[in-house]
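Reading through the structure tokens given below for one structure.
Taken together, the values in this text are just the output of simple stated rules run on the coordinates, not laboratory data. All figures in this text were calculated on a predicted structure; none of them were measured in a lab. Here the Cβ is made from the backbone with ideal geometry for all residues, glycine too, and neighbour counts use every protein chain on show.
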């Protein structure tokens, strides 16, 4: 195969087979240009319901709709060729019944081309995960801090400390047994994340967990410094594009008010230049 041949997007089984191997790389994306930038570097890209907070200014993920997820999923799909796309099932789209979950998961995959869906919950969602997998819907699970449950969790707190670690372990084992091909561990103690990674036969994807997980994911706007409403402890900023962008906008405004922009090179003459002979 040519060294310049395009990378083929992995399938859920390919992701699962990476258990214990080279760590999986993932980021969120909500737009085509961002997806294009991360496509060569990521194994899978998540269209996260965090889009509600990051791009739409919502106070949490609870207000995100199916229509929003489909719109952003379609945009991300246009920017991907080498990474698999996973899409979040929004709050209220899967909890009522297995049948509701299937209808909405099938719609998300059909209308966006996603390779899998992600849903939150452990033991309580295991039956639903098994139902979906048996009907051709690959599922990535999500346990630990589950943002759609912040009202019952009491906010964005670390999950699984002390005796609560047993329940977290049970959640991870339940989703693995139900057929999930990977599980996100969000905001859990490092020791627990390592124990879960050793205990389940599917890749663990850490976000505020442990470097010992089988992969990592971050919200891309967080790691690029574009989302500045708050910064979680587990986020490493690889750039400060928010500050750079703010400076650029301020410079543009100053140039406009001083009539420095547009300059001669940005405007058009009354007559077109003579064509070259």
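At R0 = 22 Å, how high is the FRET efficiency between residue 198 and residue 164 if r is their beta carbon distance? Nearest 0.05 is fine. Computed FRET efficiency for residue 198 and residue 164 comes out at 0.75. The helix-only estimate of mean residue ellipticity at 222 nm for the chain, built from DSSP H runs of length n ≥ 4 each weighted as -39500 (n - 2.57), is -10500 deg cm²/dmol after division by the residue total. Binning the C-alpha pair distances of region 48-182 at 10 Å intervals from 0 yields a P(r) profile of 12, 42, 36, 10, 0 %, listed from the shortest bin outward.
Over 16 Å apart: what share of the alpha carbon pairs of region 31-84 falls there, rounded to a whole percent? For region 31-84, the share of Cα pairs beyond 16 Å comes to 40 percent. Ordering 95-108, 207-220, 55-68 by mean Cβ neighbour count within 10 Å, with the highest value first, yields 207-220, 95-108, 55-68. The spread of Cα positions in region 86-150, taken along each principal axis and listed from longest to shortest, comes to 29, 20, 17 Å.
Relative contact order of the chain: 16 percent, from C-alpha pairs under 8 Å at least 6 residues apart in sequence.
When you count, for each residue, the other Cβ atoms within 10 Å and take the mean per peptide, how do 82-91, 10-19 rank with the highest first?
Details: 82-91: 24.0, 10-19: 16.6.
Most protected by this proxy first, the peptides run 82-91, 10-19.
When the chain is fully extended, how far beyond the present Cα-Cα distance does residue 81 get from residue 66, taking 0.36 nm per residue of separation?
Working: separation 15, 0.36 × 15 = 5.40 nm, distance 2.36 nm.
Value of the extension gain: 3.0 nm.
With respect to the chain, whose longest principal axis is taken over its alpha-carbon atoms, helix 98-112 is tilted by about 30°.
Taken as Cα centroids, region 148-168 and region 250-277 sit 57 Å apart, rounded to the nearest whole angstrom. Relative to the longest principal axis of the Cα atoms of the chain, helix 190-199 runs at roughly 60 degrees. Between the beta carbons of residue 22 and residue 133, assuming R0 = 22 Å, the FRET efficiency works out to 0.30 to the nearest 0.05.
Where does the chain land on the Kirkwood hydrodynamic radius, alpha-carbon pairs, in angstrom?
Over the chain, the inverse of the mean reciprocal pair distance is 20.1 Å.
Taken over region 126-277, the percentage of Cα pairs per 5 Å bin, counting from 0 up to the bin with the maximum distance, is 2, 8, 13, 14, 13, 10, 8, 5, 4, 4, 5, 5, 5, 3, 1, 0, 0.
Judged by the mean number of other Cβ atoms found within 10 Å, the most tightly packed of the peptides 231-240, 110-119, 266-275, 31-40 leads the ranking 110-119, 31-40, 231-240, 266-275.
Each listed q (0.12, 0.15, 0.24, 0.25 Å⁻¹) maps to a log10 I(q)/I(0) for region 21-122 from the Debye sum over equal C-alpha point scatterers, namely -0.36, -0.57, -1.26, -1.33.
Relative to the dominant Cα principal axis of the chain, helix 241-257 is inclined by about 20°. Going by Cα centres, region 27-90 and region 206-227 are how many Å apart? Cα centroid of region 27-90 versus Cα centroid of region 206-227: 15 Å apart.
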